[in-house]
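The values are calculated or read from the model by the stated rules, or taken from the named source; none is laboratory data. Note that this is a predicted model, so its numbers are computed, not measured. Neighbour counts are summed over all protein chains in view; Cβ atoms, including those assigned to glycine, are modelled from backbone coordinates with ideal geometry. All accessible areas refer to the heavy atoms of the entire protein, side chains included, with ligands and DNA or RNA removed. Shrake-Rupley method; radii C 1.70, N 1.55, O 1.52, S 1.80 Å.
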Amino acid sequence: MTHPVLALQEADSAVDQLRHRRQHLAEREALATTQRALAEWERTRASIIERLVELAATVERCEHESHEIDVHRERLQKQLRTVIAPREAEALQHEIATLEQRRGELDDAGLQALEEQAQLDDDLTALAAREQGLREDVLNAETALAAAESDIDSVLVEATERVEAARAELDAGLLARYDGLRSHDRVAAALLSGTRCEGCHLDLSAHEVEEARAAAADADGLTDCPQCGRLLVVP
């Protein structure tokens, strides 16, 4: 017959294993993978939208500055037609040439921004086509994880009930010792199998086995492992 403290340890170990399985479900990692993919998609979309806003501002600035240059250049050209002094005419021509150079730079910058806008619009369209699939992947992964968790939870309920039943079999003093050991190590009680403690998996010397058997004989088959300090059930 299994010693009550071993029955409790077995029940607690079963609960520990179930909780570990629940925390490390393959479905949980699958969900995390789909969530990362969606998050990366959202970051990419946000980055593209931000860049499109910047490009729109660049195009608007180029158009505004180009218009101001055109107005200024037209005014200078009118002034040039009325100028007689060669030096003044030369200065006006130089200023007009500078304006035309700047106008060309603005045209190039605006065209480059428009071309990048067109490429990013295509990229955004391609991203939009992936959105539904990514969100469905996340939803399906969430559903699969919930189902897997539910399966384990139903077993956990039964395992937890076995723990409570096993705890009810122990007196308060032994239960306190067991709980104290459990707070430091998941395995608080182990069986002496031959000369080996199944808790720490170390062999006891012949003298230690003899002392353990003598101590357990006066304590309902229970003593402490001299190697690891766990509760040791001596059959």
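Residues of the range 138-159 include none that is open to solvent by 50 Å² or more (accessible area, probe 1.4 Å), at positive phi and either among the basic types (Lys, Arg) or free of Cβ contacts under 8 Å to residues at least 60 places away in the same chain (or both). All of Ala129, Ala118, Ala57, Ala32 fail the test of being within 30 Å of Asp151 (Cα to Cα), modelled with pLDDT of 95 or more and either part of a helix (DSSP H, G or I) or open to solvent by less than 60 Å² (accessible area, probe 1.4 Å) (or both), apart from Ala32. Would you pick out the residues in the range 8-51 that are touching a helix residue (DSSP H, G or I) at 6+ places or on another chain (Cβ under 7 Å), closer than 30 Å to Leu120 by Cα and among the β-branched types (Val, Ile, Thr)? Passing the criteria: Thr34, Thr44, Ile48.
Would you confirm whether any residue within the range 197-210 is farther than 20 Å from Leu18 by Cα, part of a strand (DSSP E or B) and in contact (Cβ under 8 Å) with a residue 12 or more places away in the chain? There is at least one residue in the range 197-210 that is farther than 20 Å from Leu18 by Cα, part of a strand (DSSP E or B) and in contact (Cβ under 8 Å) with a residue 12 or more places away in the chain.
Quick check: is even one residue across the range 61-73 surrounded by 12 or more Cβ atoms within 10 Å (Cβ to Cβ), under 30 Å from Arg167 (Cβ atoms) and of a type in the set (Lys, Arg)? No, the range 61-73 has no match at all.
Scanning the range 69-86 for residues that are free of Cβ contacts under 8 Å to residues at least 12 places away in the same chain and in a helix (DSSP H, G or I) returns Val71, Glu74, Arg75, Lys78, Pro86. No other residue among Ala89, Ala113, Ala109 is small (Gly, Ala, Ser), within 30 Å of Glu40 (Cβ to Cβ), part of a helix (DSSP H, G or I) and open to solvent by less than 90 Å² (accessible area, probe 1.4 Å) apart from Ala113. Has the range 66-77 got any residue that is out of contact with any helix residue (DSSP H, G or I) (no Cβ under 9 Å at 6 or more places or on another chain) and closer than 30 Å to Leu127 by Cα? Looking for residues that are out of contact with any helix residue (DSSP H, G or I) (no Cβ under 9 Å at 6 or more places or on another chain) and closer than 30 Å to Leu127 by Cα, one finds none in the range 66-77, hence no. The requirement of being touching a helix residue (DSSP H, G or I) at 6+ places or on another chain (Cβ under 7 Å), more than 12 Å from Glu10 (Cα to Cα) and modelled with pLDDT of 95 or more is not satisfied by Leu191.
For the range 11-25, the candidate set comprises residues that are part of a helix (DSSP H, G or I) and either free of Cβ contacts under 8 Å to residues at least 40 places away in the same chain or of a type in the set (Ser, Thr, Tyr) (or both); within that set, the residue that is surrounded by the most Cβ atoms within 10 Å (Cβ to Cβ) is Ser13.
Per this entry, Arg162 is not counted among residues that are modelled with pLDDT under 95 and either basic (Lys, Arg) or not in a helix (DSSP H, G or I) (or both).
Is there a residue in the range 174-195 that is more than 30 Å from Thr34 (Cβ to Cβ), open to solvent by less than 50 Å² (accessible area, probe 1.4 Å), outside any helix (DSSP H, G or I) and among the charged types (D, E, K, R)? No, there is no match, as no residue in the range 174-195 is more than 30 Å from Thr34 (Cβ to Cβ), open to solvent by less than 50 Å² (accessible area, probe 1.4 Å), outside any helix (DSSP H, G or I) and among the charged types (D, E, K, R).
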